[in-house]
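The structure appears below as structure tokens.
The values are calculated or read from the model by the stated rules, or taken from the named source; none is laboratory data. Predicted model, so just to flag it, every value in this text is computed and none were measured. Note that each Cβ is placed from the backbone with ideal geometry, even for glycine, and that neighbours are counted across all protein chains shown. For the accessible areas, the whole protein counts, side chains as well, though only heavy atoms, and no ligand, DNA or RNA atoms are used. Shrake-Rupley method; radii C 1.70, N 1.55, O 1.52, S 1.80 Å.
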Amino acid sequence: MQLDTIKKALIFPILMATKLPKNYTPSAKEKYMCAKHKEYFRRVLEEWKKELTLQNDKILFNELDDNDTSADVVDQATSQTGKAIEMRTVNRNKKLISKIDKAVKKIKDDTYGYCEETGEEIGLKRLIARPIATLTVEAQERHEREEKIFADS
């Protein structure tokens, strides 16, 4: 087991050094989850995480609103509503960042791109559309149907 961990520690930096052509997009003609695919998705995920982090920082640290102390009740209400929306955005971003971190970890563990329920390939089109996807379309639909049935009960 320790040898496997050592191999991954040695192989992962090599994987991350994979050069990608400019404007590279994963292709079904390539072996599924080859080094290029993993590097592509790692970069997409890291860039997405960076954008979410910057958005959260901007909301939390740069946007000061003086309407809280305004004598006008309407201005205060508007300010509070805006802050509530911003805080929901921050919380949503935090959840997405957590999912992104898990996806990057899966890339390192060689489990990225495979369904957590069935072990099947999730598929490049789905991962390009939703890089944090953990289920195939079929497994996701089944999961959503079961959630709906449970919620309706």
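Give a residue-ordered list of calculated ³J(HN,Hα) values for region 98-104 (Karplus: 6.51 cos²θ - 1.76 cosθ + 1.60, θ = phi - 60°; whole Hz; x for Gly, Pro).
Calculated HN-Hα couplings, in order: 4, 5, 5, 4, 5, 5, 5 Hz.
Between LYS102 and ASP152, how high is the FRET efficiency from 1/(1 + (r/R0)^6) when r is the Cβ-Cβ distance and R₀ = 25 Å? Nearest 0.05.
0.25
Run the simple label-point estimate for LYS95 and LYS125 please: 7 Å along Cα→C-beta, distance reported in nm.
2.7 nm
How much length, in nm to one decimal, is gained on full extension between VAL74 and THR18, taken as 0.36 nm per residue of separation minus their Cα-Cα distance?
Result for the pair: 14.6 nm of gain on full extension.
Shape of region 25-153 from its Cα gyration tensor (a ≥ b ≥ c, root eigenvalues): rounded if a/c is under 1.5, otherwise prolate when a/b > b/c, or oblate?
The shape class here is oblate.
Under the definition of Cα pairs under 8 Å and six or more residues apart, what whole-number percent is the relative contact order of region 20-153?
Contact order relative to length: 21 percent.
Assuming R0 = 35 Å, can you tell me the calculated FRET efficiency for the pair ARG43 and VAL137, based on Cβ-Cβ distance, to the nearest 0.05?
About 0.90, to the nearest 0.05.
On a straight-distance basis, which lysines could pair with LYS99 in a cross-link, Cα separation under 20 angstrom, same-chain partners fewer than 8 positions away excluded?
LYS38, LYS49, LYS50, LYS108, LYS125
With N denoting the number of residues in region 95-153, provide Rg(C-alpha) divided by 2.2 N^0.38 Å, to two decimal places.
1.21
Can you run phi through the Karplus equation (6.51, -1.76, 1.60; θ = phi - 60°) for region 115-121 and list ³J(HN,Hα) in whole Hz, with x for Gly and Pro?
4, 5, 8, 9, x, 6, 5
Take LYS49, LYS148 and sort them by solvent-accessible surface of the protein heavy atoms, 1.4 Å probe, largest at the top.
Result, largest first: LYS148, LYS49.
Between GLU117 and MET87, what is the label-point separation in nm under the 7 Å Cα-to-beta-carbon projection?
3.5 nm
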